[in-house]
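Note sheet for the following structure.
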Amino acid sequence: MSAFSAIGEEREIDRDEYTPDIEPQPTWCPGCGDFGVLKALKGALPEVGRTPEETLLVTGIGCSGKLNSYLDSYGFHTIHGRSLPVARAAKLANPGVEVIAAGGDGDGYGIGGNHFMHTARENHDMTYVVFNNEIFGLTKGQTSPTSPKGHKSKTQPHGSAKTPIRPLSLSLTSGASFVARTAAVNPNQAQRILKEAMEHDGFAHIDFLTQCPTWNKDAKQYVPYTDINESEDYDFDPTNRADAQELMRETEDKLYEGEVLTGVYYRDDDRPSYQQEKQNLGEMPDEPLAERYFDGDYEWERSYDRFIDKHK
Amino acid sequence: MSDDELIWRIAGGSGDGIASTSQNFAKALMRSGLHVFTHRHYPSRIRGGHTYVEVRASADPVKSRGDGYNFLLALGDSFARNPQEEAYYGNEEVKPLEENLDELREGGVIVYDSGLLDASEIPDFEERVEENDWHVYDIDLRSLAREQGREVMRNTAGVGVTCAITGIPLGAIEELMRDAMPEKILEPNVEIMQTGYDLVREEYDVDAAEVSVPTGEHDEEQVLMSGSDAIAYGAIDEGCRFIAGYPMTPWTEVFTIMSQNLPELGGISEQVEDEIAAAALAIGASHMGVKAMSGSSGGGFALMGEPLGLAEMTETPLVLIEAMRAGPSTGMPTKPEQADLEHVLYTSQGDSQRVVLAPGTVAEAYEASRRAFQLAYEYQIPTMIIYDQKLSGELTNVPASHFDREPNPDIGATLTEDELADQPHTADGKFHRFQHEGEDGVSPRSVPGQKGGRFLATGNEHNPAGHISEDPDNRVAQMDRRQRKLDAIRADLDDDGLLVEYGPEDAEYGVLTFGSQQGTVEEAVDRLNENGHSVKALTVAELAPYPADAVRAFLDSVEEALVVEMNASAQFRGLTQKELGTHGELLSSLLKYNGNPFEPAEIVEGFTTKLVDDGELPGNETKFVPAAGD
């Protein structure tokens with residue numbers, strides 16, 4: 001019998017279950033795009049049938065990191081840029097838990113860029129939501145890795161000399177098996193994409209455009225947007241890597257020209273997740289490792305029996 | 001030349017099979033009933049460079065490298081660079097012979113491979129041989145090996161020669177080769193060992209050399225083990241089934257042993273992008289209820305500072321090991337030093353809430369590893385094991401029974417779903433994971449997936465349910481509870497700890513040390529007492545929380561104490577002074593930081609020259625720093 005009865009429990013789930021009594025009202029600024037992520041998550045989690053106690057939400061630091069305070073589940077609010085390594089070990093330790101990681105664009109594409117690249121490469125079965133507002137919010141408006149070239153801020157008074165990072169292209173090149181972009185202003189699409197991402201067996205990366213009305217007033221509110229999966233202007237197959245690559249590049253360029261393209265850009269449903277790869281190699285147990293520590297009947301092997309003879 | 005110990009040094013280049021040959025040799029001597037201890041010296045280089053391993057063997061227990069050595073087997077360095085005199089690295093071809101002469105004792109034996117080494121290139125070689133009464137056997141080991149078809153086997157030929165001179169029966173070595181070598185290379189190796197043996201017996205005067213192997217007998221069955229083996233086995237016996245890491249010398253040894261065995265034990269090993277990720281993964285796994293560890297050496301451990309602080313604040317059980325090597329920065333990657341003590345004690349922002357253990361011997365490394373997991377999981381606190389390149393790689397014999405223990409997979413104060421139901425929750429069902437009260441400062445935890453256990457873990461200060469809180473009363477209550485754990489751990493360790501006092505209880509002088517210097521210090525203490533001094537030693541393996549009472553009692557009982565450590569800034573002495581706030585005037589330091597561990601004689605010399613005679617130390621191998629106010 002499992003020590004984790006929340007996992008796999010079949011029951012109706014009300015989206016209000018995800019609203020904590022302690023902090024039902026987020027402290028984000030009025031008009032902040034982060035509300036859009038919270039709403040989409042509260043909508044998508046019941047749809048995929050995951051209760052608060054079988055969900056682990058792992059966040060980084062920044063306005064996005066406060067998501068944990070406003071979404072009731074098991075939560076781990078980690079440190080700046082490090083949500084992914086914590087989250088992927090959690091998934092390896094107990095694959096039955098739904099693991100979602102979240103953070104901002106500075107967190108995921110800047111300080112945590114190395115982890116992003118490698119988590120995508122390894123294709124861990126988890127969802128990663130990057131709140132992309134093209135700015136550092138909680139530290140009051142510094143230029144971020146996705147700020148447009150020329151962006152002026154207190155720390156770049158003459159404008160940024162740097163070309164912004166290409167989050168979708170980077171994700172695809174690194175190995176993510178599901179890559180999407182959505183926007184806070186498009187709640188229905190956001191909820192649908194989040195649901196697809198959670199159902200996907202592999203690393204699902206969502207670049208979530210979250211407008212910052214306080215520190216990035218100059219930036220677009222990400223409207224109007226085009227859904228590339230539904231627009232008649234785009235005849236697009238997200239399982240075709242070459243097409244995805246081309247359209248990602250176009251999307252990244254157009255964002256800075258005022259045109260917002262969103263949708264699922266790439267998905268590879270055939271690629272095994274990291275857990276499956278590791279299990280196929282005999283490098284990971286079939287039963288969740290976390291269960292073993294609650295199993296009074298498990299026979300723990302002794303080093304003496306396994307190793308002592310070779311030292312004699 | 002004394003008959004009571006053989007210290008055999010095999011020298012050559014990296015890649016010449018020095019390590020495996022010496023390991024077999026040490027094991028053969030252990031099986032014959034002797035106590036053995038190895039010391040290795042190697043460069044950060046895959047091929048070539050000055051490398052040696054010493055095997056010290058005696059009928060009595062040995063705890064340290066010796067003072068110098070008495071038998072040199074100098075193989076050629078097959079990867080030596082061009083012998084250009086103007087190059088700063090000099091003539092590497094003769095280094096296996098030349099570099100090892102200074103430490104060879106009077107009356108010692110030299111066997112060198114005349115096929116690769118030309119002694120005439122070494123200045124004053126003949127004179128030095130005569131002055132020191134060395135017995136030289138120049139044997140063309142390379143040609144012998146070539147005749148058998150494989151030049152690399154000259155190390156085995158050299159072992160045959162060694163056996164002939166010292167009187168070790170070939171059968172003992174052959175038995176080990178049979179265990180270790182595949183059939184194809186076994187027969188030629190056995191043959192060449194015999195050839196080398198016969199050649200010396202027939203054509204050389206073996207009686208001229210007064211170095212021979214002692215004989216001994218063990219009371220019980222022994223095993224040959226390194227500190228790295230012991231740490232890994234301790235972890236496995238505590239139920240650790242998750243490790244994450246990034247390669248770095250010398251921590252790589254533990255990481256490798258764990259990675260090779262965890263899959264078969266149903267565990268998981270992850271080699272990841274950097275050490276920040278490595279420590280963060282261990283935290284992620286532990287958060288889910290799994291016993292997990294990570295580790296590194298100095299530079300990699302520097303990257304772990306941030307996740308270490310997260311483990312402290314979220315009270316996530318975590319074991320990190322830190323295999324010190326000479327710093328700063330890349331330092332000397334393959335050389336031992338104990339200069340990361342302050343780094344491990346204080347790295348990461350805020351008040352440190354951690355346990356730091358520093359085992360002194362191979363046997364204690366197993367013990368410390370088990371204790372580290374017990375403390376980490378019982379008290380939900382990161383626990384570090386610091387050791388160094390010396391303890392990680394030295395091999396010594398330990399009674400096999402020391403490891404014949406039961407496993408302990410207990411994950412400490414973690415609740416079951418039934419127990420969770422009786423715990424306090426918020427109105428909407430959030431579990432009070434971080435209660436202000438708690439026995440010994442421990443507030444029991446739940447793990448994700450459990451019904452009735454959801455909470456928020458955060459690096460921010462937080463209230464009982466884990467929500468971010470900057471309320472002053474809550475802050476003080478949480479901080480005080482976390483600090484209380486350290487008092488409880490201190491009391492635990494005071495009851496049953498890892499401190500080792502050695503020597504006569506009523507001794508006049510003390511030697512204080514920590515970690516891997518233990519054996520060398522104890523041997524020095526024995527010799528000092530034999531020489532008529534009155535000395536005892538205390539080796540401190542618990543560095544945080546610091547055992548102030550025990551150290552104070554020790555220092556109260558002596559006139560003066562010498563603090564022995566392998567670093568340049570006397571970090572352990574500084575820690576002791578800070579923790580005691582008294583006794584500073586009693587503590588002088590003997591330091592060594594040239595890349596080589598202390599020899600017992602250096603401690604004897606440092607003690608007598610400075611504490612007893614108030615004289616000057618000869619040479620610059622070690623450094624004396626007087627007590628505060630002196």
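Suppose we keep just the DSSP beta bridges with both residues in the stretch B:5-203; what percent of those would be antiparallel, to 5?
Looking only at bridges with both residues in the stretch B:5-203, the antiparallel portion is about 55 percent.
Please work out the ratio of the alpha-carbon Rg of the stretch B:399-495 to 2.2 N^0.38 Å and round it to two decimals. Display every interim value, and only then the final one.
Numbers: Rg = 16.5 Å, N = 97, 2.2 N^0.38 = 12.5 Å.
Compared with the compact-globule rule of thumb, the stretch B:399-495 sits at 1.32.
Among B:596, B:537, B:618, flag the residue with its Cα farthest along the positive direction of the charge dipole of the stretch B:500-625, charges on Cβ as +1 for Lys/Arg and -1 for Asp/Glu.
B:596
With a cut-off of 8 Å between alpha carbons and a minimum separation of six or more residues, what is the relative contact order of chain A in percent?
Details: 621 pairs, mean separation 53.8, N = 312.
Value for chain A: 17 percent.
Report, in deg cm²/dmol and to the nearest 500, the calculated mean residue ellipticity at 222 nm for the protein assembly as shown, where each DSSP H run with n ≥ 4 adds -39500 (n - 2.57) and the sum is divided by the residue count.
Value at 222 nm, helices only, nearest 500: -10000 deg cm²/dmol.
Which Cα, out of B:317, B:374, B:334, lies furthest along the positive dipole direction of the stretch B:301-378 (beta carbon charges, K/R +1, D/E -1)?
So the residue we want is B:334.
Compute the helix-to-body angle for B:518-530: its Cα long axis versus the longest principal axis of chain B, expressed 0 to 90° and rounded to tens.
60
Scan around residue B:110 for amide H atoms under 5 Å from its own, H built in the peptide plane at 1.01 Å from N, and keep only partners 5 or more places away or cross-chain.
The list, which skips near neighbours in sequence, is B:72, B:135, B:136, B:137.
Going by alpha carbons, how many degrees (0 to 90, nearest 10) lie between the helix axis of B:305-314 and the longest principal axis of chain B?
The angle comes out near 40 degrees.
Would you pull out the residues with amide H under 5 Å of residue A:77's amide H, same chain only if 5 or more places away, H placed 1.01 Å from N?
Placed amide hydrogens put A:59, B:457, B:458, B:459 under 5 Å from residue A:77.
Using a cut-off of 28 Å between alpha-carbon atoms, which lysines can reach residue A:152, once sequence neighbours fewer than 8 places away in the same chain are excluded?
Once the sequence-local lysines are set aside, what remains near residue A:152 is A:66, A:140, A:162, A:217, A:220, A:254.
Per the Kirkwood definition applied to all pairs of different Cα atoms, how many angstroms is the hydrodynamic radius of the protein assembly as shown?
Averaging 1/r across every pair of different Cα atoms and inverting gives 30.5 Å.
Tell me the accessible surface of residue B:133 in square angstrom (1.4 angstrom probe, heavy atoms of protein chains only), to the nearest ten.
We get 90 Å² for residue B:133.
For Cα pairs less than 8 Å apart in space and 6+ apart in sequence, what is the mean separation divided by the residue count of the stretch B:224-403, i.e. the relative contact order in percent?
Relative contact order here is 29 percent.
Give the carbon-plus-sulfur fraction of the accessible surface of the protein assembly as shown in %, rounded to a whole number; probe 1.4 Å, heavy atoms of protein chains only.
Details: 15490 of 34260 Å².
Roughly 45 percent of what the probe reaches on the protein assembly as shown is carbon or sulfur.
When we measure straight from the Cα of residue A:278, which lysines land under 16 angstrom away, once same-chain ones fewer than 8 places off are left out?
A:91
What dipole magnitude, in Debye to the nearest 20, does the stretch B:5-203 give about its Cα centre under +1 on Lys/Arg Cβ and -1 on Asp/Glu Cβ?
Working: 20 positive and 37 negative charges, 249 e Å.
My answer is approximately 1200 debye.
Over 28 Å between Cα atoms: which of B:95/B:536; A:310/B:63; B:63/B:184 fall into that group? It would help to have the intermediate numbers written out before the result.
On the way: B:95/B:536 39 Å; A:310/B:63 22 Å; B:63/B:184 37 Å.
Table pairs above 28 Å Cα-Cα are B:95/B:536; B:63/B:184.
Report the B-A buried area as the accessible area lost on both sides summed, probe 1.4 Å, in Å² to the nearest 100.
Details: alone 24730 and 15550 Å², together 34260 Å².
Rounded to the nearest hundred, the buried surface is 6000 Å².
Pull up the DSSP beta bridges for chain A and report the antiparallel fraction as a percent, rounded to 5. It would help to have the intermediate numbers written out before the result.
Working: 7 of 37 bridges.
Around 20 percent antiparallel, to the nearest 5.
Could you tell me how far the Cα centroid of the stretch B:512-566 sits from the Cα centroid of the stretch B:367-396, in Å?
Each part reduced to its Cα centre gives a spacing of 21 Å.
Given 25 °C and 0.890 mPa s, how large is the Stokes-Einstein diffusion coefficient of the stretch B:500-625 in µm²/s, with Rh as the Kirkwood radius over Cα pairs? Let's see the in-between values first.
Working: Rh = 14.3 Å.
The Stokes-Einstein estimate is 172 µm²/s.
Would you list, by chain and number, the aspartates and glutamates whose Cα falls below 13 Å from the Cα of residue B:291, excluding same-chain residues fewer than 8 positions away?
Result set, ordered by chain and number: A:291, B:237, B:238, B:378, B:410.
Taking Cα atoms, how many degrees apart are the long axis of helix B:472-495 and the longest axis of chain B, rounded to 10 and kept between 0 and 90?
Once rounded, the angle reads 40 degrees.
Under a 1.4 Å probe, what is the accessible area of the protein assembly as shown per residue, stated in Å²?
Values: 34260 Å² over 942 residues.
For the protein assembly as shown, the per-residue accessible area is 36 Å².
For chain B, what is the convex hull volume of the alpha-carbon atoms per residue, in Å³? Before the final figure, lay out each step's value.
Details: hull volume 106.4 nm³, N = 630.
Convex hull of Cα atoms, per residue: 169 Å³.
Just to be sure I understand the interface: list residues from the stretch A:36-85 that lose 40 Å² or more of accessible area between the chain on its own and the complete protein assembly, 1.4 Å probe.
Residues losing area: A:53, A:69, A:72, A:74, A:75, A:76, A:77, A:79, A:82, A:85.
Return the residues of the stretch B:282-323 for which accessible area with all protein chains present is lower than in the chain on its own by 50 Å² or more; set the probe to 1.4 Å and exclude ligands, DNA and RNA.
So the qualifying set is B:288, B:290, B:306, B:310.
Mind listing the long-range amide H neighbours of residue A:211? Cut-off is under 5 Å, sequence gap 5 or more, other chains count too, H placed in the peptide plane at 1.01 Å from N.
Here the answer is A:33, A:184, since their amide H atoms fall under 5 Å of that of residue A:211.
Short version: ³J(HN,Hα) in whole Hz for each residue of the stretch A:264-276, in order, from phi by Karplus 6.51 cos²θ - 1.76 cosθ + 1.60 (θ = phi - 60°), x for Gly and Pro, what are they?
Result, ordered by residue: 8, 8, 8, 8, 10, 8, 8, 5, x, 6, 4, 4, 5 Hz.
Whole Å is fine, so just give me how far the alpha carbon centre of the stretch A:198-245 lies from that of the stretch B:190-212.
Each part's Cα centre sits 79 Å from the other's.
With an 8 Å Cα cut-off and a minimum separation of 6 or more residues, compute the relative contact order for chain B in percent. The partial results should precede the final answer.
On the way: 1428 pairs, mean separation 70.0, N = 630.
After rounding, I find 11 percent.
What percent antiparallel are the DSSP beta bridges of the protein assembly as shown, to the nearest 5? Please report the intermediate quantities before stating the final value.
Numbers: 40 of 126 bridges.
The antiparallel fraction comes to roughly 30 percent.
Does any residue of the stretch B:424-453 lose at least 50 Å² of accessible area with all protein chains in place compared with its chain alone, and if so which ones (probe 1.4 Å)?
B:428, B:448, B:449, B:451
Build a GNM of chain A with springs between Cα atoms under 10 Å: which of A:252, A:47, A:232 gets the top mean-square fluctuation?
Of A:252, A:47, A:232, the Gaussian network model singles out A:232 as fluctuating most.
Counting Lys and Arg as +1 and Asp and Glu as -1, what is the net charge of the other residues whose Cβ lies under 10 Å from the Cβ of residue B:297? Show your work: numbers first, answer last.
Numbers: positive: B:325; negative: B:275, B:322, B:340, B:388.
Counting the neighbours of residue B:297, the net charge comes to -3.
The values are calculated or read from the model by the stated rules, or taken from the named source; none is laboratory data. This is a predicted model, so every value here is computed, not measured. Using ideal geometry, Cβ is built from the backbone for each residue, glycine included, and neighbour counts are taken over all protein chains shown. Note: areas computed on protein heavy atoms with side chains; ligands, DNA, RNA excluded. Shrake-Rupley method; radii C 1.70, N 1.55, O 1.52, S 1.80 Å.
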